[in-house]
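J.: Have a look at this one.
Just so it is clear, none of the values below were taken in a lab; they were calculated from the coordinates. Since we're looking at a predicted model, the values are computed, not measured. Neighbour counts run over all protein chains shown; Cβ positions are idealised from the backbone, glycine included.
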Amino acid sequence: MPASAPDAAFRAALGRFPTGVTVVSTVHDDVDHAITASAFTSVSLVPPRVLVCVDTRTRFHDPIMATRSWGVSILAEEGREAASWLATRGRPIEHQLDAVAHHRGPATGAALLDAALGWLECRTWRTYDGGDHTIVVGTVVAAAIAVGRDDPLLYYRSHYGSLIRQPVSEHGPDPLPVDPAPAAPELPVLEPGSGSGGG
Ligand SMILES: Cc1cc2nc3c(=O)[nH]c(=O)nc-3n(C[C@H](O)[C@H](O)[C@H](O)COP(=O)(O)O)c2cc1C
């Protein structure tokens, strides 16, 4: 594959890997920076770590590298409009979250979107040069879920989508609680030192 331009087959193959959708955010110099990101994954359970790959050409790149402190909102279907907005190149940075319902993470102050199934707050542990993206690995310092919410926003072949559940999975009946309680964006703060490491 040529190094100068993304290979069409490579992109097409990647597009056939369905993902969830997150918004990753940080506060730099009192300004909220955020991007829609699907290149997100868990890395380690103990200590709790996740990673996100951030395009070096985004305006988000330098702020997240500077603050080393960030939030992840794992979007619900309702977050689709926000996902589109926060993926729009050239949108104004200041006030970009004014029309996006959010709350503040207690550990980092990062903006966490209300239209989410769960939230993580992270402190950068290591970063790696991945090419045109930087791999940012963070230690999770706080985590919470929206109780009763169960409708992830998905992304596949450049389209947003919804999860269609099989009636019975291979692991047996759906174990997810059907709890009508409203979303509770209260984040219990994890003790950074409670695992075998931290950053
Ligand atoms: C569904 C979706 C997933 C995306 N995932 C990523 C990602 O994982 N990492 C990334 O750097 N950009 C990702 N992007 C693109 C960024 O959201 C977009 O480039 C960024 O918002 C541009 O911000 P800027 O105009 O401030 O530079 C994704 C876009 C979409 C629509």
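J.: Calculated FRET efficiency, ARG59 and HIS103, Cβ-Cβ r, R0 30 Å, to nearest 0.05?
T.: After rounding to 0.05, the efficiency reads 0.80.
J.: Hey, can you rank 148-160, 111-123 by average C-beta count inside 10 Å, highest first?
T.: Taking the mean over residues of other Cβ atoms within 10 Å, the ranking is 111-123, 148-160.
J.: Related question: I'd like to know how the range 1-130 sits against the 2.2 N^0.38 Å rule of thumb: what's its Cα Rg over that expected value?
T.: Rounded to two decimals, the normalised Rg is 1.06.
J.: For ALA9 and ASP30 in one chain, what is 0.36 nm times their gap in residues minus the Cα-Cα distance, to one decimal in nm?
T.: Roughly 3.4 nm would be gained on extension.
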